[in-house]
1. Within region 64-74, track down each residue that is assigned to a strand (DSSP E or B) and within 18 Å of V110 (Cβ to Cβ).
2. Within region 22-40, count every residue that is under 22 Å from R86 (Cα atoms) and either under 11 Å from the mean Cα position of the chain (by Cα) or not in a strand (DSSP E or B) (or both).
3. Being modelled with pLDDT of 95 or more, exposed (fewer than 13 other Cβ atoms within 10 Å of the Cβ) and not in a strand (DSSP E or B) is the filter here, so list the residues in region 47-63 that pass it.
4. Which one of these is under 15 Å from the mean Cα position of the chain (by Cα) and more than 25 Å from H43 (Cβ to Cβ): R76, R103?
5. Can you tell me which residue is modelled with the highest pLDDT among those in region 11-21 that are in a loop (DSSP other than H, G, I, E, B) and surrounded by 14 or more Cβ atoms within 10 Å (Cβ to Cβ)?
Amino acid sequence: MGDNGERRRSKRTDAGLPVELPGGVPARTLNMSAKGAYCVVDHEIPAFTKLDLVIHVPVRPSEPPITVACSGVVVRYDLVTDEAGREQHCIAIYFEWISPRARQVLEAFVGQ
């Protein structure tokens, strides 16, 4: 088989990028691709919840991050325990809508 059971078709990268969810709810990516992100949030967000989100993607250290707006759906919710023993709410988001330019920004970031 050779893929270790991996079903993803898009390259992913570990990245702690700031994300804004509806109502100004903060989140942070743990990893992401140009098609979705796995994020830590401050409360449970059930699977199949539709979200509009904004991701702040760094370009260069001397420049402000690029703001990427997209819409997605929560495809998985996990309650995990971090190294310090604290529970964290994590969600996997599939991007249902993202502009071609925004997808290019994410592809360039993930490909770095």
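1. Here is the first cut: in region 64-74, the residues assigned to a strand (DSSP E or B) are 66-74.
Within region 64-74, I66, T67, V68, A69, C70, G72 meet the criteria.
2. At the first step, the residues of region 22-40 found to be under 22 Å from R86 (Cα atoms) are 25-31, 37-40.
Add one more test, that the residue is either under 11 Å from the mean Cα position of the chain (by Cα) or not in a strand (DSSP E or B) (or both), and what stays is 27-31, 37-40.
Counting residues in region 22-40 that are under 22 Å from R86 (Cα atoms) and either under 11 Å from the mean Cα position of the chain (by Cα) or not in a strand (DSSP E or B) (or both) gives 9.
3. A47, F48, listed by residue number.
4. Values: R76 fails: more than 25 Å from H43 (Cβ to Cβ).
Of the residues listed, the single one that is under 15 Å from the mean Cα position of the chain (by Cα) and more than 25 Å from H43 (Cβ to Cβ) is R103.
5. Taking region 11-21 as the starting set, the residues that turn out to be in a loop (DSSP other than H, G, I, E, B) are 11-12, 15-17.
With surrounded by 14 or more Cβ atoms within 10 Å (Cβ to Cβ) added as a condition, the list becomes 12, 15, 17.
On the way: R12: 86, A15: 91, L17: 96.
Selected residue: L17.
The values are calculated or read from the model by the stated rules, or taken from the named source; none is laboratory data. Since we're looking at a predicted model, the values are computed, not measured. Please note: Cβ atoms are built from the backbone with ideal geometry, for glycine as well, and neighbour counts cover all protein chains shown.
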